[in-house]
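Trainee: Please find one structure pasted underneath; my questions will follow.
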Amino acid sequence: METVKLREEYIKLGQALKAAGLVSSGVEAKMAVLDGLVRVNGETDTRRGRKLYAGDIVEFDGEQIRIED
């Protein structure tokens, strides 16, 4: 499981996918999210700008990302 450390209070979903190296660009992140391929805390989320906070778990393409302080 990858971890993404927060620099601020939250990170947006598309940014977290890029930070973890699961996508190579913002456009790729946008398409994955809009296509319903990304789950946040077990539920599909199609909002690229969704704010993620410490403790959130993101799943994409068989990988998981944990958001940490």
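Trainee: Counting DSSP beta bridges in the chain, what percent are antiparallel, to the nearest 5?
Mentor: Around 75 percent antiparallel, to the nearest 5.
Trainee: How large is the accessible surface per residue of region 9-66, computed with a 1.4 Å probe and reported in Å² as a whole number?
Mentor: On a per-residue basis, 57 Å².
Trainee: HN-Hα J couplings of region 40-57 from phi, Karplus 6.51/-1.76/1.60, θ = phi - 60°, integer Hz, Gly and Pro as x?
Mentor: 10, 6, x, 10, 4, 10, 10, 9, 4, x, 4, 7, 10, 10, 3, x, 6, 10
Trainee: Please tell me the relative contact order of the chain in percent, rounded to the nearest whole number, where contacts are Cα pairs under 8 Å and at least six residues apart.
Mentor: Relative contact order here is 40 percent.
Trainee: In the chain, which chymotrypsin sites (Phe, Trp or Tyr not before Pro) fall in coil by DSSP and have 16 or fewer other Cβ atoms within 10 Å?
Mentor: Tyr10, Tyr53
Trainee: Report the charge-dipole magnitude of the chain in Debye, nearest 20, computed about the Cα centre from +1 at each Lys and Arg Cβ and -1 at each Asp and Glu Cβ.
Mentor: Dipole size: approximately 280 debye.
Trainee: Restricting attention to region 1-61, which trypsin sites (Lys or Arg not before Pro) occupy a DSSP loop and are surrounded by at most 10 other Cβ atoms within 10 Å?
Mentor: Answer in residue order: Arg7.
Trainee: Run the numbers for Asp35 and Glu9: contour at 0.36 nm per residue of separation, minus the present Cα-Cα distance, in nm.
Mentor: 6.7 nm
The values are calculated or read from the model by the stated rules, or taken from the named source; none is laboratory data. Remember, it's a predicted structure, so these values are computed and weren't measured experimentally. Note: ideal-geometry Cβ built from the backbone for every residue, glycine included; neighbour counts use all protein chains shown. Quick note on the areas: whole protein, heavy atoms, side chains included, nothing else; ligands and nucleic acids left out. Shrake-Rupley method; radii C 1.70, N 1.55, O 1.52, S 1.80 Å.
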